[in-house]
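Q: Just dropping this structure here.
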Amino acid sequence: MTGLRAASEVAGGEAHGFPRPGRNQSLGSRSTEGKRPCAFGLLLGAILLCGWPHFMAGVATAQTGALLRHARVRTSGPDTHQGVVTKLEKGRLTLVGEQTHELAVRDLDRLDFSDRTPNLPADAPLLILANGDFLVASVVEGDQESLRAKWVQLSALRDFTVPLEAVRAIVLHRPSGAEAGRLLWKRLADNRNEQDELILKSGDTLTGELKRIATDSLHLEGEGTAGRVAREGIVAVTFNAEFAELEPLKGAGALVTLVDGSRFHVSEIALVKGDLMSFKTLFGADFVMPAAAVCGLRFLGGCATLVSEMEPTKAEFTPYLSIDWPWRRDRNCLAQPLRMRGIDYSNGLGVHSRQRLKYALDGEYREFRATVGVDDSAKGAGSVLFEVKVDGKSVWKSDVVRGADEPLPVNNIDLKGGRDLELFVDFGPRGDILDHANWCDAVLIR
């Protein structure tokens, strides 16, 4: 199939690592003999062989064509444009639809490719970066300087290298149980260890200094450690928190979300060779991948500022009884990735009732936007009230939002001249039971 052949070209590459540009390809393309293969049979066979998520990720790295670059672009103002992305470089974006729009990236809030949502697999290994970004990737090998990793679902893409200092943790084998998974995410988020640590499937931990990662084992040195530890028995590795550091984005850039649920910040972005996108990550790797592998871009450093990347001037939590729940950046209140009604969100705030968060505006912003609801971790339970205040005055308030309700858009919250913003989540009619509330995609528009 030409689509799968295109995937192998992305994996192998040609000059400068780019595959040959091709025409609009799909699973139903004509073969070189001029005969049309049975598209349904090929589709069914691929799904049975790979499983649905892996199959879809494979398609993402295989297909090309203008339809796969059809997107919805939201500007800093009230306008939303739809069309095919034909150019994206040097801070300019061209979108061709019923009209052609030449747009400055600094004036854009976000770009979402049509008919695509991120789907983070429940069992995939993860590479978690020091700034909270994570990649659905498996570490092949590593030493005290860097790690070499390969994409898991987007397997046609090339391996990449990450400096060890940019890594917070590696998850080799995600636990299958919901409670074990919850505890692991919390442990990774709250890691303050002054040594490297191996979390074992047996429940034990080993601490010391990680010297090397091989294909079958990890080598840890320290008092009372086992030295060589088989990879098969390791759930995750957390690194010395003192040395995990990744410089924040300076100037213009974007937060990129892929179809496999990966999300990472980039300082440079461009559309190249028609259907490929190139990214320069904050940790130094240069990625080149088909546009079909990308779900969306959140443009930063221009008109939009993510609330999760700001420091609140006040964070006040009032427990219903006595349990203290910390608020989280880009995670739910359990420290897991934000997820509502089966859709993953790359950024936002995860809180538990009752929580107030205040942010300084200093008159610099015009509008607040977000999507609110109860996280899927509540399993349909929970009931909360959301409220937005500007300079102490209530400007938007929800009815009771329950765990089974669809996420609620919060748009056009006027901030002009405002000095401070308060995001408040209150108890619902059932107290605080499973009140895992999310302010997803929370953004301030200059």
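Q: Taking H placed 1.01 Å from N in the peptide plane, check which residues at least 5 places from ARG331 or on another chain put their amide H under 5 Å from its amide H.
A: Amide H neighbours of ARG331, under 5 Å, 5+ apart: GLY350.
Q: Continuing with the same structure: Output the direction-averaged projected area (hull surface divided by four) of the convex hull of the alpha-carbon atoms of region 305-445, in nm².
A: Details: hull surface 29.1 nm².
For region 305-445, averaging the hull's shadow over all directions gives 7.3 nm².
Q: What FRET efficiency would be calculated for the residue pair GLU141, LYS280, taking the C-beta separation as r and a Förster radius of 35 Å, to the nearest 0.05?
A: Values: r = 24 Å, r/R0 = 0.68.
The calculated FRET efficiency here is 0.90.
Q: Once each part is reduced to its C-alpha centroid, what is the distance from region 210-279 to region 122-141 in angstrom?
A: Value for the Cα centre distance between the two parts: 5 Å.
Q: If each of ASP391 and LYS314 carries a label point 7 Å out from its Cα toward its Cβ, how far apart are those two points in nm?
A: Here the answer is 1.6 nm between the modelled labels.
Q: Going by amide H atoms built from the backbone, whose H comes under 5 Å of the H on LEU154, apart from near neighbours?
A: The answer is none.
Q: Rounded to the nearest 0.05, what FRET efficiency do VAL400 and ASP159 give with R0 = 35 Å and r taken as the Cβ-Cβ distance? Could you check? List each step's numbers first, then the result.
A: On the way: r = 49 Å, r/R0 = 1.39.
Efficiency at R0 = 35 Å is approximately 0.10.
Q: Considering only DSSP states other than H, G, I, E and B, which GluC sites (Glu not before Pro) in region 193-237 qualify as loop sites with at most 16 other Cβ atoms within 10 Å? Walk me through the numbers on the way to the answer.
A: On the way: sites: GLU194, GLU197, GLU209, GLU221, GLU223, GLU232; in loops: GLU194, GLU223.
Those satisfying the criteria are GLU194, GLU223.
Q: Residue by residue, what Karplus-based ³J(HN,Hα) values in Hz, rounded to whole numbers, does region 375-389 have, using 6.51, -1.76 and 1.60 with θ = phi - 60° and x for Gly and Pro?
A: 5, 4, 5, 7, 6, x, 8, x, 7, 9, 10, 9, 8, 10, 10
Q: Between region 290-350 and region 86-120, how many Å separate their Cα centres?
A: 23 Å
Q: Can you flag which of LYS90/LYS250; LYS186/LYS358; LYS150/LYS273; LYS314/LYS379 are past 27 Å Cα-Cα? Walk me through the numbers before you get to the answer.
A: Details: LYS90/LYS250 16 Å; LYS186/LYS358 24 Å; LYS150/LYS273 23 Å; LYS314/LYS379 30 Å.
Exceeds cut-off: LYS314/LYS379.
Since every read-out is calculated from the coordinates, none of them should be taken as a lab result. Note that the coordinates shown come from a computational prediction; the quantities given were computed from them, not determined experimentally. Please note: Cβ atoms are built from the backbone with ideal geometry, for glycine as well, and neighbour counts cover all protein chains shown.
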